[in-house]
Amino acid sequence: MRTTPSDSATPAVPRPRTLSYSRTTATAARVLRQLGHDTRTIALLMLIPCVMLFLLRYVFDGNPRVFDSIGASLLGIFPLMTMFLVTSIATLRERTSGTLERLLSMPLGKGDLIAGYALAFGTLAIIQSALATGLAVWFLDLDVIGSPWLLLIVALLDALLGTALGLFVSAFASSEFQAVQFMPAVIFPQLLLCGLFTPRPEMHPALEAISNVLPMSYAVDGMNEVLLHHDMTATFVRDITIVAGCALLVLTLGAATLRRRTT
């Protein structure tokens with residue numbers, strides 16, 4: 001009996017439509033093992049925010065009030081920037097080396113893949129945020145009225161947002177140099193408009209309107225709420241909800257960019 005090409009073709013392996021705990025954790029474990037062999041990347045993630053906060057504290061050694069006023073905001077901004085940079089470069093390596101291509105040819109859902117990446121980098125973000133928060137509050141004497149645990153929550157959400165943005169923009173870069181170039185385009189405008197240098201209501205109305213839709217603005221606002229209030233306020237809850245929602249949205253967009261480049 002003569003077979004036709006359609007008869008002999010290998011049926012496509014169905015791609016899972018729901019998240020799997022085992023597939024997600026296996027992906028996260030693989031990413032963490034790879035990062036574990038790159039000591040320079042781990043050092044960048046863990047030490048740079050702490051070093052920057054340490055330098056900032058003693059830049060304003062003669063006027064500690066300045067450090068108190070901006071230190072909390074930078075406690076959220078530094079993890080976001082470092083996680084964005086490291087995640088975008090690490091994910092781009094996965095794309096350009098063919099690792100991502102091979103994973104997408106397996107019965108592994110996009111949700112499992114992106115959740116695994118987020119879990120791996122999120123684990124590092126927890127450690128990074130805890131180190132930076134502990135250093136700022138207990139060793140550099142950052143004076144905050146609210147609970148340091150609330151600072152940690154905002155710092156962690158900021159780091160996760162940086163992870164999500166890094167995963168997303170890696171799809172649009174073809175080299176590590178291009179991935180780095182996305183930082184001025186994605187991070188620096190938010191840094192200028194987040195209210196760190198001047199209160200957002202004092203900006204030009206057009207710039208204030210833009211700042212109102214940038215997630216870093218709400219990260220800074222959330223830190224300032226902890227700086228000024230003893231208890232968790234409704235504004236603080238709104239701010240962290242927006243940051244978390246933006247991170248989830250960008251992760252979803254990042255999953256949409258995961259596709260095979262060959263057939």
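The values are calculated or read from the model by the stated rules, or taken from the named source; none is laboratory data. Bear in mind the structure is a predicted one, so any value in this text is a computation, not a measurement. Neighbour counts run over all protein chains shown; Cβ positions are idealised from the backbone, glycine included. Note: accessible area is taken over every heavy atom of the protein model, side chains too, but ligands, DNA and RNA are not part of it. Shrake-Rupley method; radii C 1.70, N 1.55, O 1.52, S 1.80 Å.
Figures for the structure shown
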{"read-out": "Tabulated pairs, segment 124-153, first basic (Lys, Arg), second part of a helix (DSSP H, G or I) and surrounded by 13 or more Cβ atoms within 10 Å (Cβ to Cβ), C-beta under 9 angstrom, 6+ apart or interchain", "value": "none"}
{"read-out": "Residues (within 19 Å of the chain's Cα centre (by Cα) and farther than 17 Å from VAL137 by Cβ) located in segment 47-74", "value": "LEU47, ILE48"}
{"read-out": "Pairs with Cβ under 7 Å, 6+ apart, first in segment 165-191 and among the aromatic types (Phe, Trp, Tyr), second assigned to a helix (DSSP H, G or I) and surrounded by 14 or more Cβ atoms within 10 Å (Cβ to Cβ)", "value": "PHE168/VAL250; PHE168/LEU253; PHE168/GLY254; PHE182/SER88; PHE182/VAL169"}
{"read-out": "Which numbered condition ASP231 misses (of (1) at pLDDT 85 or above; (2) open to solvent by less than 70 Å² (accessible area, probe 1.4 Å))", "value": "(2)"}
{"read-out": "In segment 123-136, the residues that are closer than 22 Å to ASP61 by Cα and open to solvent by 20 Å² or more (accessible area, probe 1.4 Å)", "value": "LEU131, LEU135"}
{"read-out": "Answer residue from segment 144-174, given it is open to solvent by 50 Å² or more (accessible area, probe 1.4 Å) and at pLDDT below 85 and is nearest to ASP221 (Cα to Cα) among those", "value": "PHE172"}
{"read-out": "Residues being open to solvent by 40 Å² or more (accessible area, probe 1.4 Å), farther than 25 Å from LEU165 by Cβ and either in contact (Cβ under 8 Å) with a residue 60 or more places away in the chain or aromatic (Phe, Trp, Tyr) (or both) - total across segment 23-68", "value": "4"}
{"read-out": "Checking ALA120 against (1) farther than 14 Å from THR27 by Cβ; (2) at pLDDT 85 or above, the condition it does not meet", "value": "(1)"}
